[in-house]
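Reading through the structure tokens given below for one structure.
The values are calculated or read from the model by the stated rules, or taken from the named source; none is laboratory data. Keep in mind the model is a prediction, meaning the values are calculated, not measured. Using ideal geometry, Cβ is built from the backbone for each residue, glycine included, and neighbour counts are taken over all protein chains shown. Heavy atoms of the whole protein, side chains included, go into the accessibility calculation; ligands, DNA and RNA do not. Shrake-Rupley method; radii C 1.70, N 1.55, O 1.52, S 1.80 Å.
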Amino acid sequence: MNNILFWILFNAFVLLLLGLDLFVFHRKEHEVKIKEALLWSLFWIMLSLGFNVVIYYWQGPGPALEFLTGYLIEKSLSVDNLFVFIMIFSYFKVPLKFQHKILFWGIIGALVLRGIFILVGVALIAKFHFIIYILGAFLIFTGVKMLFSHGAEEVHPEDNPLVRWVSKHMRISKTPDGAKFFTKRNGKIYATPLFLVLIMVESTDVVFAADSIPAILAISKDPFIVYTSNVFALLGLRALYFALAGIMQLFHYLHYGLSAILVFIGAKLLLSDIVEIDMRYALLVVGAILAISVTASLLYPKPEEEMPEPPIKE
């Protein structure tokens with residue numbers, strides 16, 4: 001009964017934060033400046049670390065380390081995923097002042113989907129132990145694939161099955177209508193191009209979850225720890241996007257670091273029945289890999305001609 005109460009209280013707290021974000025602090029569409037985004041990023045990070053302290057005194061140092069490691073991995077994968085958001089917004093020429101709304105509702109969908117994925121994943125692992133080997137092999141495969149990739153791929157909405165389905169079964173307006181996802185014209189309801197952007201963001205998060213959920217399940221089997229670390233990483237995603245949107249191209253070696261992390265976590269899963277890696281060492285390895293990849297990116301910057309397009313201002 002207590003576990004159910006914790007889940008209810010936590011989700012009520014998250015809904016309260018999201019409600020304040022959308023209906024109080026961002027009820028009017030505006031271009032989020034870097035200073036505002038940095039302050040919000042600091043707020044979400046401090047809130048996450050504060051919750052980590054709660055976990056420490058509530059459940060002990062072990063679960064607290066699992067939360068922190070999982071949060072760090074999810075946050076890192078989120079930074080790499082922000083490149084894709086930039087490309088989507090650039091492709092559809094979405095003004096900065098509307099991007100916050102899309103990211104907000106995109107994160108709402110991501111929270112629901114990831115909650116389902118996590119509960120199903122934990123249940124399957126508890127019932128079928130061999131699944132950890134499948135997840136471990138999948139993470140190693142994903143890490144190796146990321147190693148040989150060259151950053152984010154191009155955006156092709158016409159190849160997205162969900163976008164194709166929506167375009168086939170709904171009326172799509174060719175012109176936007178401010179920040180609206182739907183508009184009424186000649187007595188008929190039309191989806192706006194902004195709605196297609198939201199569909200793109202939601203569907204790409206399903207792909208992102210295929211990497212992040214197995215990675216964090218390799219860190220902890222406690223659904224509450226896995227879910228809350230995911231939620232806190234997602235809550236700060238919008239602010240992180242606006243804080244880093246103009247400089248994310250500087251972190252061009254990050255995906256190599258993430259590749260190494262996925263391979264390390266996959267190996268940790270595959271070897272879990274032979275040798276158990278202490279969570280403190282796992283956290284140090286993840287932190288060291290991230291620090292090296294970020295430092296290398298700053299020391300050896302990418303040529304300007306290879307930089308991606310910046311976010312659309314208007």
*Within the bounds of the range 237-254, is there any residue that is under 21 Å from A64 (Cα atoms), modelled with pLDDT of 80 or more and under 15 Å from the mean Cα position of the chain (by Cα)?*
no
*Based on what the data block shows, is E305 at pLDDT below 70, at negative phi, loosely packed, with under 14 Cβ neighbours inside 10 Å and in a helix (DSSP H, G or I)?*
yes
*asked:* Residues to consider are L258, L269, L284; find the one that is open to solvent by 50 Å² or more (accessible area, probe 1.4 Å) and in a helix (DSSP H, G or I).
replied: L284
*Out of the residues in the range 66-93 that are among the acidic types (D, E) and open to solvent by 10 Å² or more (accessible area, probe 1.4 Å), state the one that is farthest from A110 (Cα to Cα).*
E66
*Quick one: would you say V207 is in a helix (DSSP H, G or I) and modelled with pLDDT of 80 or more?*
no
*Please indicate, with yes or no, whether at least one residue in the range 231-245 is open to solvent by less than 30 Å² (accessible area, probe 1.4 Å), in contact with a Lys or Arg (Cβ under 6 Å, 6 or more places away or on another chain) and under 16 Å from L103 (Cβ atoms).*
yes
*So which residues in the range 210-230 are at pLDDT 80 or above, touching an Asp or Glu at 6+ places or on another chain (Cβ under 9 Å) and in a helix (DSSP H, G or I)?*
A215, I216, I225, V226, S229, N230
*Being farther than 19 Å from L139 by Cβ, buried (at least 19 other Cβ atoms within 10 Å of the Cβ) and among the hydrophobic types (A, V, I, L, M, F, W, C) narrows it down to one of V197, V166, V226, so name that one.*
V197
*Restricting attention to the range 63-95, which residues are within 13 Å of F232 (Cα to Cα) and of a type in the set (D, E)?*
E74
